[in-house]
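Notes for the one structure printed next.
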Ligand SMILES: CC(C)(COP(=O)(O)OP(=O)(O)OC[C@H]1O[C@@H](n2cnc3c(N)ncnc32)[C@H](O)[C@@H]1OP(=O)(O)O)[C@@H](O)C(=O)NCCC(=O)NCCS
């Protein structure tokens, strides 16, 4: 466990944490957390995980969402696409991932991404799951995911995937 990891906890979003002051620099992600996340949890459309400082557990330092989705093999680079069937492949979507501006550049984005991938790989014991998918909000966010091994779909440049074999091999 890194020294940063030791100072934070990752939990499900609940009424305990304060969503109102969260600000990551991307308005759409702030709005999602404040206005939509609780509804999505209630309707089982997404699970929302937050990272909080152990000393101030009501403060949301970052969050990510997980949902089931599917993807088309033909959207992957040709060399990989030809190894898979033409019907939709099961995948897990990390729909949003954000760190509050005050907490950025301390390693929390990496910790959240690793936590999301760990949970997705665990689900894979019970349900077929080919890849993790992320939706980058812009080119800068895309570069963050590329750094961790994600590849763009050629027909949706801000949507990226990571085959879970890659994650399990790295464990
Ligand atoms: C992108 C974001 C999640 C990164 O979180 P963070 O906590 O600042 O990132 P970390 O400190 O964990 O950085 C981990 C590594 O990624 C690198 N990194 C961070 N942001 C990066 C970016 N945009 N492009 C490329 N690399 C990036 C860091 O330099 C660091 O590299 P290192 O491990 O070699 O030192 C955060 O900046 C954020 O929430 N931005 C606004 C919302 C957003 O763009 N979300 C992305 C999904 S839409």
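The values are calculated or read from the model by the stated rules, or taken from the named source; none is laboratory data. Please read these numbers as outputs of a predicted model, since none were measured by experiment. Virtual Cβ from ideal backbone geometry, glycine too; neighbours counted across all protein chains shown.
Some observations on this one:
- Filter result for residue 14 (over 18 Å from residue 107 (Cα atoms), free of Cβ contacts under 8 Å to residues at least 24 places away in the same chain, part of a strand (DSSP E or B) and out of contact with any helix residue (DSSP H, G or I) (no Cβ under 8 Å at 6 or more places or on another chain)): no
- The sole residue among 36, 47 that is without any contact (Cβ under 8 Å) to a residue 12 or more places away in the chain, under 20 Å from the mean Cα position of the chain (by Cα) and surrounded by 15 or more Cβ atoms within 10 Å (Cβ to Cβ) is 36.
- Of the residues making up the range 133-155, one or more are in contact (Cβ under 8 Å) with a residue 24 or more places away in the chain, away from the ligand (no atom under 11 Å from the Cβ), surrounded by 19 or more Cβ atoms within 10 Å (Cβ to Cβ) and within 25 Å of residue 24 (Cβ to Cβ).
- Filtered residue count, the range 78-106, keeping only those that are over 17 Å from residue 137 (Cα atoms) and either within 16 Å of the ligand (Cβ to nearest atom) or out of contact with any strand residue (DSSP E or B) (no Cβ under 7 Å at 6 or more places or on another chain) (or both): 15
- A residue that is at pLDDT below 95, over 14 Å from the mean Cα position of the chain (by Cα) and surrounded by fewer than 16 Cβ atoms within 10 Å (Cβ to Cβ) cannot be found anywhere in the range 55-65.
- Residue pairs meeting the criteria (Cβ under 7 Å; at least 6 apart or on separate chains; first in contact (Cβ under 8 Å) with a residue 60 or more places away in the chain, in the range 107-120; second within 12 Å of the ligand (Cβ to nearest atom) and in a helix (DSSP H, G or I)): 111/5
- Some residue of the range 20-27 being in a helix (DSSP H, G or I) and at negative phi: yes
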